[in-house]
Amino acid sequence: MRDSVNEALKNARSEREPIEGAFNKEDADNRPRIAIVGCGGAGNNTINRLRVTGAETIAVDTDRQHLDTVQADRRFLIARSLTKGLGAGGSPEIGRRADEMGRAVLERALEDTVLCFVTAGLGGGTGTGAAPVVAQIAKDQGATVIVLVGYPFNEETARLVRAEEGLAALYRVTGSVVVLDNNRLQPRKQPRLPGAGFTAMDRLIAGTAKAISEAIVEPSLINIDFDDLRTVTAKEGVAVMHVGDADLGSGARGAVRDCLSHPMFDIDFHGATGALIHITGGSDLTLEATEEIVSELVWELDPMTDVTWGARTESGVEGRVRVVAIMTGIRSSRIPRATR
Ligand SMILES: Nc1nc2c(ncn2[C@@H]2O[C@H](COP(=O)(O)OP(=O)(O)OP(=O)(O)O)[C@@H](O)[C@H]2O)c(=O)[nH]1
Ligand SMILES: [Mg+2]
């Protein structure tokens with residue numbers, strides 16, 4: 001495999017840049033630049049048709065056919081001489097090199113970005129290999145980087161090994177790697193066809209990136225302070241995300257209980273030194289209710305934890321409240337060996 005990769009790379013000297021498609025959006029104003037980058041099939045299914053006020057969606061893939069179906073503000077087909085536009089065939093090595101080959105154009109695409117979400121499904125080739133490279137490029141451009149990645153089912157042994165390697169590579173770039181375990185999000189028997197069985201995961205990742213972005217740039221019930229966000233995501237250690245959905249009537253305690261009992265990955269949040277909390281509800285969500293939820297949650301954390309939070313309302317979800325808490329700076333034996 002290595003030889004064929006090297007051979008293709010040699011032949012690729014004439015390849016100057018990846019193909020860029022779709023439409024490019026100019027920054028219309030001086031808002032902080034936020035990018036949401038999908039890598040590989042799953043990453044791009046997540047950001048497909050995602051509309052976020054004040055953020056740009058960027059799709060990166062080696063698979064031309066799949067990329068053609070994705071609606072994003074910018075689309076980059078990377079390493080076409082390496083893969084002939086046919087995908088990385090489950091090889092993270094190709095995914096990694098593919099992004100290296102597209103580095104210059106990705107650097108330009110992420111220039112001046114202050115906040116960059118990177119999303120992928122771990123376990124394949126393109127996303128697993130490319131997400132750490134994209135995250136590093138964004139970080140080198142000075143951006144605060146938050147990675148949101150899907151983790152394979154327990155029985156997908158080969159994919160799990162690749163996923164762990166990808167996770168280790170991501171942790172070498174940033175501690176703000178939020179892992180969403182497929183095993184926790186959907187029943188085993190659910191169909192696993194791309195775009196069908198993964199809808200809940202895609203919605204959750206896309207919804208989280210959208211909620212945080214809009215709570216920074218859009219007038220919200222409570223806006224997230226970008227400097228505070230930078231502080232909580234810069235913590236040494238690992239991160240874990242909890243998600244709670246509750247009836248507004250169950251009060252702050254009910255919402256927090258549901259949130260704390262639903263970690264998206266097998267990491268204990270106790271000992272976290274940072275927390276990013278986001279609350280979404282309908283037009284009936286009040287400031288007082290959000291403050292109560294935050295105080296309940298903070299009560300569960302170490303008193304020295306840096307906390308930043310935001311809240312937004314959207315129509316159609318009246319009577320319900322969703323609490324997303326990303327705890328950061330956790331010392332965990334779950335940290336991949338490569339990072340110790
Ligand atoms: N959330 C989500 N996860 C998916 C989807 N499709 C596949 N996955 C998961 O993501 C992992 C990676 O799959 P893909 O994203 O298709 O792989 P890729 O990164 O494109 O890699 P190559 O196709 O080998 O280049 C799989 O092991 C699945 O667990 C999807 O539509 N949404
Ligand atoms: Mg693919």
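The values are calculated or read from the model by the stated rules, or taken from the named source; none is laboratory data. Everything numeric here is computed off the predicted structure, so don't read it as measured data. Here the Cβ is made from the backbone with ideal geometry for all residues, glycine too, and neighbour counts use every protein chain on show. The accessibility values were calculated without ligands, DNA or RNA, using every heavy atom of the protein model including side chains. Shrake-Rupley method; radii C 1.70, N 1.55, O 1.52, S 1.80 Å.
Sorting check: for 59-71, 37-49, which peptide has the highest mean count of neighbouring beta carbons within 10 Å, and how do the rest follow?
Per-residue Cβ counts within 10 Å, averaged per peptide and sorted highest first, yield 37-49, 59-71.
Rank Thr83, Val298, Val118 by how far each Cα sits towards the positive end of the charge dipole of the chain (+1 on Lys, Arg Cβ; -1 on Asp, Glu Cβ) and give me just the farthest.
Going by the Cα projections, it comes out as Thr83.
Per residue, how many Å² of accessible area does segment 87-222 show with a 1.4 Å probe?
For segment 87-222, the solvent-accessible area averages 36 Å² per residue.
What distance in nm lies between label points placed 7 Å from Cα along the C-beta direction at Arg49 and Ala234?
3.9 nm
When the convex hull of the C-alpha atoms of segment 61-187 is computed, what volume per residue in Å³ does it have?
With only Cα atoms used, segment 61-187 gives 107 Å³ per residue.
If you average 1/r over all unlike Cα pairs in the chain and invert the result, what Kirkwood radius do you get in angstrom?
After inverting the mean inverse Cα-Cα distance, the result is 20.1 Å.
Leaving out ligands and nucleic acids, note down the accessible area per residue over segment 239-339 with a 1.4 angstrom probe, in whole Å².
Accessible area per residue: 46 Å².
Grab the eigenvalues of the alpha-carbon gyration tensor for segment 239-339, scale each by 5, take roots, and send me the semi-axes largest first in whole angstrom.
On the way: eigenvalues 136, 35, 24 Å².
Taking √(5λ) for each Cα gyration eigenvalue gives 26, 13, 11 Å.
Mind ranking Thr128, Thr231 by accessible surface for me, highest first, 1.4 Å probe? Show your work: numbers first, answer last.
Numbers: Thr128 5, Thr231 65 Å².
Ranked from most to least accessible, the order is Thr231, Thr128.
Put a dot 7 Å past each Cα toward the Cβ at Ser283 and Glu314; how far apart are the dots in nm?
Spacing of the two 7 Å Cα→Cβ label points: 1.7 nm.
Taking segment 164-316 on its own, what percent of its Cα-Cα pair distances exceed 22 Å? Let's see the in-between values first.
Details: 5160 of 11628 pairs.
Tail fraction, whole percent: 44.
On the protein heavy atoms, probe 1.4 angstrom, tell me the percent of accessible surface of the chain carried by carbon and sulfur. Show your work: numbers first, answer last.
Values: 7230 of 15040 Å².
Here carbon and sulfur together make up 48 percent of the probe-accessible area.
How many angstrom lie between the Cα centre of segment 286-323 and the Cα centre of segment 69-120?
35 Å
For Trp309, Trp299, what's the largest-to-smallest order of accessible area, 1.4 Å probe?
I get Trp299, Trp309, largest accessible area first.
Calculate how steeply helix 287-299 sits against the longest principal axis of the alpha-carbon atoms of the chain, using the helix alpha-carbon long axis, and give the answer as 0 to 90 degrees to the nearest 10.
Once rounded, one gets 80 degrees.
May I ask you to derive the relative contact order of the chain, considering only C-alpha pairs under 8 Å and at least 6 residues apart, and to give it as an integer percent? Don't skip to the end; give the middle numbers.
On the way: 789 pairs, mean separation 50.5, N = 340.
Normalised by residue count, the contact order of the chain is 15 percent.
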